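For reference, the structure discussed in these notes is given below.
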Amino acid sequence: MLTSFDLIDFDVKSSSNLTHISWKRDIGPTTKGTLKVSFHNGLRYEYYGIPKSLVDQLYKVEQSNGSVGSAFHNLIVRNKSIKYHKL
């Protein structure tokens, strides 16, 4: 796992759907950034304007062997205001 103020990057071991999560802080005075998520089926998506605090929560779930997929769905996917793009 790589982490800093500008970057979070980790493999997901406790999910049947997700394989990798990375987040890079946007340029400027912000705590938001772009989240990249990779899935077991090979699909990859980018999610924009994601606060670092949400990614920190996903990492904490991973560290506690919780369901990162469920947390991702609840924190990111359910939020209809978050823009995303399939890579």
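The values are calculated or read from the model by the stated rules, or taken from the named source; none is laboratory data. Since the model is a prediction, treat every value here as computed from it, not as a measurement. Please note: Cβ atoms are built from the backbone with ideal geometry, for glycine as well, and neighbour counts cover all protein chains shown. Note: accessible area is taken over every heavy atom of the protein model, side chains too, but ligands, DNA and RNA are not part of it. Shrake-Rupley method; radii C 1.70, N 1.55, O 1.52, S 1.80 Å.
Computed quantities for the displayed model
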read-out	value
Looking only at the stretch 4-28, and only at residues there that are closer than 13 Å to Leu58 by Cα and of a type outside the set (A, V, I, L, M, F, W, C), the one that is surrounded by the fewest Cβ atoms within 10 Å (Cβ to Cβ)	Lys13
One residue from Lys80, Lys52 being of a type outside the set (Val, Ile, Thr), open to solvent by 50 Å² or more (accessible area, probe 1.4 Å) and under 28 Å from Ile27 (Cβ atoms)	Lys80
Residue ID - nearest to Leu7 (Cα to Cα), chosen from residues in the stretch 41-87 that are among the acidic types (Asp, Glu) and touching a Lys or Arg at 6+ places or on another chain (Cβ under 9 Å)	Glu46
Number of the exception - Leu43 against (1) under 18 Å from Ala71 (Cβ atoms); (2) at pLDDT 95 or above	(1)
Evaluation of Gly69 against (1) modelled with pLDDT under 95; (2) in a loop (DSSP other than H, G, I, E, B) (one fails), failing number	(2)
Those residues of the stretch 29-40 which are open to solvent by 50 Å² or more (accessible area, probe 1.4 Å) and either assigned to a loop (DSSP other than H, G, I, E, B) or out of contact with any strand residue (DSSP E or B) (no Cβ under 6 Å at 6 or more places or on another chain) (or both), in sequence order	Pro29, Thr31, His40
Among residues of the stretch 35-87, those that are touching a residue at least 40 places away in the same chain (Cβ under 8 Å) and touching a Phe, Trp or Tyr at 6+ places or on another chain (Cβ under 8 Å), counted	12
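Each row is one residue, and each column tells you yes or no for (1) part of a loop (DSSP other than H, G, I, E, B); (2) more than 11 Å from the chain's Cα centre (by Cα).
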residue	(1), (2)
Asp9	no, no
Trp23	no, no
Ile27	yes, yes
Gly42	yes, yes
Ile50	no, no
Val55	no, no
Lys80	yes, yes
His85	no, yes
